[in-house]
Amino acid sequence: MPDLVYPPVIAACKTMFKVLDLRLNVEGSHHVPRTGGAVLACNHIGYLDFIFCGLGALDSKRLVRFMAKQEVFADKIGGPLMRGMKHIPVNRGAGTASFNAAVDVLKRGEVVGVFPEATISRSFTVKDLKSGTARMAADAGVPILPVAVWGTQRLWTKGLPKNLTRRHTPITILIGEPMQPGEHGDVAATTAELRSRLVALVARAQQEYPDKPESAEDGWWLPAHLGGSAPTPEEAVELERERLRRKKKSN
C-alpha cells in the first residue's frame, strides 16, 4: 500500500524546521541502504528523537518505521498518525508480538528505527542497551546502523518544560557504519559493540556541537562529565526509580 500519511508529515516537519531555523547537521546518511531491511539504532535524549533520526534516512529515500510504546498509539491525535506512518506499537506486557512484528517488517525490506536504551537518558549519556536490537537484526539478517542525535534535548526532554518554539537550535545527526549480523559474535557481544559505537558517536557529536551553555543555569542540557548540570548516570537511575515508585503508588 502507498504511504499517504508519512510524506505530508515529513513536509510539515521540514516546514517547522525552516520556521524555527534549526541548524541541522546530518552526516553519514550514505550508510543507509537504498534497498533492503536495516535497523537504525539511536540514542535517546528527547521526545523528538524519532523525527531527527528518521531525517537521516531521507537522502536514501527511505521511510523509517519506528518502534514506539503502545500508549502513543492510543492518543486521539498521535495514534492515527502513528498507524498511518506504519510505525510499530510496543506493548511491554507482550513484547514477543512487537518483536515478531518488527522482524517481519525488516524481512519485507523496510527500515526499522529503535531506541535500544528503551527510555530517555536523563543524564544525556548512553545507558545500558537492551538486547532486542541485536536479536531482531540477527533474526531478520539485516545490518544495524548506530545513530547519534544531539541537541534534541533542548527542545523537549523528560522531566523538563518543552520549548518547541526555540529558534536557531543546532541539531546533530550522525549515522555510523553498518554492523552486519554475526560479525561481532553473539547477541551480547553485538549489543556491547553497538553501545561502544553509540558512545563514540555521541561523544563526537558533543565535542563538535557549536553551542555552549550561556550560563550556569543554562547548563542543564549538558552532561555532568562535560561540566553541565544534568544528572549523573547514577543520579538519573535514582530519578527514574523514584518516578516509577510514584507511578506505582498513584495506581
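The values are calculated or read from the model by the stated rules, or taken from the named source; none is laboratory data. Since we're looking at a predicted model, the values are computed, not measured. For neighbour counting, all protein chains shown are included, and Cβ atoms are generated from backbone atoms with ideal geometry for every residue, glycine included.
Number of residues in region 56-96 that are among the β-branched types (Val, Ile, Thr), in contact with a Phe, Trp or Tyr (Cβ under 9 Å, 6 or more places away or on another chain) and in a helix (DSSP H, G or I) equals 0. Which of the residues spanning region 175-209 are at positive phi and surrounded by 13 or more Cβ atoms within 10 Å (Cβ to Cβ)? Correct list: Gly182 only. When region 84-100 is filtered for residues that are at pLDDT 95 or above, surrounded by fewer than 17 Cβ atoms within 10 Å (Cβ to Cβ) and over 17 Å from Gly54 (Cβ atoms), only Asn100 remains. Considering each residue of region 124-141 in turn, none proves to be at pLDDT 95 or above and assigned to a strand (DSSP E or B).
Residues checked against (1) touching a Leu at 6+ places or on another chain (Cβ under 8 Å); (2) at pLDDT below 95:
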residue: Ile144; (1), (2): yes, no
residue: His168; (1), (2): yes, no
residue: Ile175; (1), (2): yes, no
residue: His184; (1), (2): no, yes
residue: Leu201; (1), (2): yes, no
residue: Asp211; (1), (2): no, no
residue: Gly227; (1), (2): no, no
